[in-house]
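The values are calculated or read from the model by the stated rules, or taken from the named source; none is laboratory data. Because the structure is a prediction, the values reported are computed rather than measured. Cβ placement follows ideal geometry from the backbone for every residue including glycine, while neighbour counts extend to all protein chains displayed.
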Amino acid sequence: MNRTTRPLDPEELRAALLGTWAQVDVVATTGSTNADLLAAAAAGAPDRTVLVAEHQQAGRGRLTRSWVSPPGSGLTVSVLLRPTGVPASRLGWLPLLTGMALLDTVRDLGVATAGLKWPNDLLLGTGQRKAAGILAEVADPVRPAVVVGIGLNVADAPPDQAGATSLAAEGVDVDRADVLVALLGRLAEREQAWRGGRGDPDAGRLRADYRAGCATLGAEVRVELPGGTVHTGIAEDVDRDGRLLLLDPAGHRKAVAAGDVVHVRPTDHGSA
């Protein structure tokens, strides 16, 4: 059996992850790991709960898109985080720091060219094609609780992801369990440091590292907002709340909290 598509072993993962993570579960099939963890959060699931699915049939992406993960092709994982002490305004950094954890992981695996597209995509290869997506959803509007879902293409890009890539397509032959353990380790490090600074992205190196790794910054972009409004301009920076700072053609600056970004004129910034 190809080690890239070897089934995940729940006991093996628990042995590697418990202690850093409170609970680790692996299911064969589910509709959406994010939906399952949102329900578990409402029922009192602990901080740093992890749910992994071998086959996700109705995963949720941004702007109501679906994300289907065929068995053995990649990693579909959601984590529940309860960052006590972090202001609600700073929770927008959770998908960004998760992106940094993905970037840390693929760089450790030797991927030559990788970058992030604000706010939720990992791009690989000279063509900067999508290899992973992130979706963060608030689980509790009163107490800080967020479910962050990650879909990473390891062996193959699913057929519904036109133009996407995978680790294998970029020349990385790796066991999915090893990738998952490495990713969750990097995510725990990034989130713990951010939480320790009460969500301040400048308390450590989070914002500096994100600026260095984000291919969106410096690019000419089109941002499609959830309500259908479209903004265009140069993506200049991310602010302390994780919003994208956009300079429009008229010279006005806008802070965008959420949206779908298209790189109209990409930049080499962020690839390494």
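In the stretch 172-183, how many are in a loop (DSSP other than H, G, I, E, B) and free of Cβ contacts under 8 Å to residues at least 12 places away in the same chain?
Taking the stretch 172-183 as the starting set, the residues that turn out to be in a loop (DSSP other than H, G, I, E, B) are 172-175.
Now drop any that are not free of Cβ contacts under 8 Å to residues at least 12 places away in the same chain, which leaves none.
Looking only at that region, the number is 0.
List the strands (runs of 3 or more DSSP E) that sit entirely inside the stretch 1-70 and contain at least 1 residues that are at pLDDT 95 or above. Working first, answer last.
Values: elements: 23-30, 49-60, 66-69.
Filter on the stretch 1-70 gives 23-30, 49-60.
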Discussion item. Checking the structure you have, find out if any residue of the stretch 194-206 is in the same structural domain as residue 113 (by TED's automatic domain parsing), over 17 Å from the mean Cα position of the chain (by Cα), hydrophobic (A, V, I, L, M, F, W, C) and over 23 Å from residue 125 (Cα atoms).
Written reply: yes
Response to the item:
Selection from the stretch 185-201 of residues part of a loop (DSSP other than H, G, I, E, B), in contact (Cβ under 8 Å) with a residue 24 or more places away in the chain and surrounded by fewer than 21 Cβ atoms within 10 Å (Cβ to Cβ) yields 198, 200
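Collect the residues in the stretch 93-113 that are hydroxyl-bearing (Ser, Thr, Tyr) and over 15 Å from the mean Cα position of the chain (by Cα), keeping them in residue-number order. Show your work before the answer.
Taking the stretch 93-113 first, the residues hydroxyl-bearing (Ser, Thr, Tyr) are 98, 105, 113.
Across the stretch 93-113, the qualifying residue is only 113.
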